[in-house]
Amino acid sequence: MSEYKGIIPNGANSMNKNAEGTSTIDAVRSRCSRVALRAARFLQSVRTPEKMVKGLVPILQALPLVDSGGIYLLSDDRRTFRLMEHWGLSPTFIRKVQAFDVDSEWGKALYTGSPITSRKPLLSDDIQSTQLRQREKMETFCNIPIREKKRVLGSVNVSAHQDVPFKLYRLIEKTMQSIGPQMANALARIENQMEIENQRKNLLAIFRSLPEMLVVADRQGTILYANPAMGRVIGCGASALKGRTIETLHPPEKQAEATRIKKEVYSGSMSRFTLPLIREDGRWMPAEVSVAQGIWDGKPSLFAAIRDLSERVRLEQVLRESEENFRALVQNARNGVVVLTCAERPPQFANQRTAEMLQCSPRALLRRPVSSWLHPSIPGTLEKTLADAMAGRTVTPDSEALIGLPSGGTVPVELTYTRTQWKGSPALLVDIHDVSWRRRLQRQVVNSVTWERENIARVLHDGIAQQVAGTAYLSKALEKALRTRHLKEAEQAKQVSASLMECQQQIRTLSRALLPDVQGHMVTNLERLAQSVQTFFGIRCIMEGLETIADINGARAGHIFYIIQEAVMNAVRHGKPTFVRVTVSSIANGQTKVSIADNGSGFVPEDVHKDSFGLHLLRYRAERLGGTVHIHAQEGQGSEITCTFLGGGE
């Protein structure tokens, strides 16, 4: 036992051989236990793989009987075992075993942990030592893989260049087998800690680069971290904020509310709130705070992302002022103004003037759909126009309608549409212009035109026509006188008399066209109109379906006649057609449709709507009938004017 004397406790030399053997085993076991305990304590706190390797070597050197060893770790590419630390090996041998490929014999042994036990004669070229080269000894080798679950991270081995009894070797082997998993756990923990630290560094880099303010506080409200943006906005630097409570970020008047909100946030009942911050110079800053709970340095913490609302508050103030100015302007406007999102629903907004037009209160107005405003005699074309305008389809920028009043009367209005936005949704801004004064003026113009027609017709019929008739009778008398004398001038006098009679007939036809008996014989007058167009202009005029309106009389008959006459004469004067077709028909809902179409040169409706006096008169007369006028025309392809009205009385 002399060669194991170094590991035998003091006083063991007095024991017998068996006692000495037992004492040796106990001593080896005791030292192995101390080594395992030191290794376990060390591996629990080590921070890096390098420190683990360097700190573990002196611990392993304390193992009994072993005189050399090494620690290998698998490289990042998992293809090579590299020797990280060693002891008891010559420099030459170290250079030889600096790295092993995993597919090599030694690499496979390191990867699998074999050979666990190796007893072989120690050859002189394994260890560069003169003394060992002179004699032959046995080497005991123990190799333990460092495994984390099924993943091999490295290998640790020790060697004894002497013949170690099996019982003593088993103690060393068990010690190494207990250290191997602990090394694996330490490496895995270090790897996780390094990953967490890298993530923490990346997270801090992101926090520092964020333009938004960010604060991390513990459950007591103490600030653990504030990013640079927070320090810039507050005006004291991010480091100065660390250690302060989050309540101090808010004005004194709001700190009690901040404490209440903090409790609600930690209870999970609140994740976003608006509360002003206070800068170092005492100025308030409106802010929106979004919060979330998390872990910071292993402690439950509160993460708060803070957004400066100063610009939004300023814009909201500008918007409020703009809306107030707009509302004041609209409320005092001379025209009615409404905002619609749907023709079948009440308006979103209506000014006072609109309520005055409809003779109701503004509150009652906002409960009535737009379609209920219209007079029952108006067809449903306005709803379609509104729907087309809301959908973005092209419509005539303005239209005319009749608004029904609670008293039973009507108000003629002109509607102008503008697409807009209302609370983030598409809407239609409708300007309602009362055109009663225009209707009165149109009525006066129509009366004036009618009076002028009547005056001209009377002058033609009672004056010029009578003079032409008298001259024709004189010509007839002259013809007889010349014929009794057998003069050849009698034939010329006959031609003059015939020409004067024809002229008299044309004057009478013209006077009847200017002043027809529209209230009693409308169909007859329309047929005469067609004949006059054929006679005076050489244009074929076709009348179809006149029996539909044969029973209409009174003022309605006059309006219908003048609508047809105005449309026909417009086509003749401006379109240069070869024919004009007038079609009268009955359609749904008791309505009558009158269509005047031609094959002339056509026109662009938008170019003449504003300036055409005749078209204004057409609309006026159609509205007097409780109807509407629609114009369909395209340049070079003729035109069609359609008037739709109810068949009842005016």
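Computed quantities for the displayed model
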read-out	value
Placed amide H near Ala99: partners under 5 Å, 5+ positions off or other chain	Leu83
Cβ-derived FRET efficiency at R0 41 Å, Lys299 paired with Ala62, nearest 0.05	0.60
Dipole axis of the range 453-575 (+1 Lys, Arg; -1 Asp, Glu on Cβ), positive-most option in His521, Gly558, Val496	Val496
Unsatisfied cross-links (Cα-Cα over 22 Å) in the set Lys242/Lys299; Lys51/Lys108; Lys150/Lys174	Lys51/Lys108
Average accessible area per residue (Å²) across the range 215-373 - probe 1.4 Å, nucleic acids and ligands excluded	55
Sites Ser290 and Arg82 - FRET efficiency at Förster radius 45 Å, r taken between beta-carbons, to 0.05	0.40
Over the range 246-350, equivalent-ellipsoid semi-axes from the Cα gyration tensor in Å	42, 19, 11
Compactness of the range 173-241 as Cα Rg over 2.2 N^0.38 Å, two decimals	1.78
Accessible area per residue, Å², the range 441-480 with all protein chains present, probe 1.4 Å	65
Alpha carbon convex hull of the range 395-440, volume per residue in cubic angstrom	90
Estimated translational D of the range 212-271 in µm²/s (Stokes, Kirkwood radius over Cα pairs; 20 °C; 1.002 mPa s)	180
Arg260 accessible area, 1.4 Å probe, all protein chains in place, Å² to nearest 10	110
Area of Arg283 that stays accessible when all protein chains are in place (1.4 Å probe, Å², to 10)	130
Residue-level accessible surface for Thr248, protein heavy atoms, 1.4 Å, Å²	50
Sequence of Thr450, Thr274, Thr410 when ordered by accessible area, the most exposed leading, probe 1.4 angstrom	Thr274, Thr410, Thr450
P(r) weight above 27 Å for the range 153-303, C-alpha pairs, percent	44
Set of the range 442-466 residues, backbone N closer than 20 Å to the point 7 Å along the Cα-Cβ line of Arg508	454-466
For Glu356, net neighbour charge (Lys/Arg +1, Asp/Glu -1) across residues whose Cβ lies under 11 Å away	+1
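The values are calculated or read from the model by the stated rules, or taken from the named source; none is laboratory data. Since this is a predicted model, take the numbers as computed values, not measurements. All Cβ positions, glycine included, derive from the backbone under ideal geometry; neighbour counts span all protein chains shown. Protein only, heavy atoms only, side chains kept; ligands, DNA and RNA dropped before computing areas. Shrake-Rupley method; radii C 1.70, N 1.55, O 1.52, S 1.80 Å.
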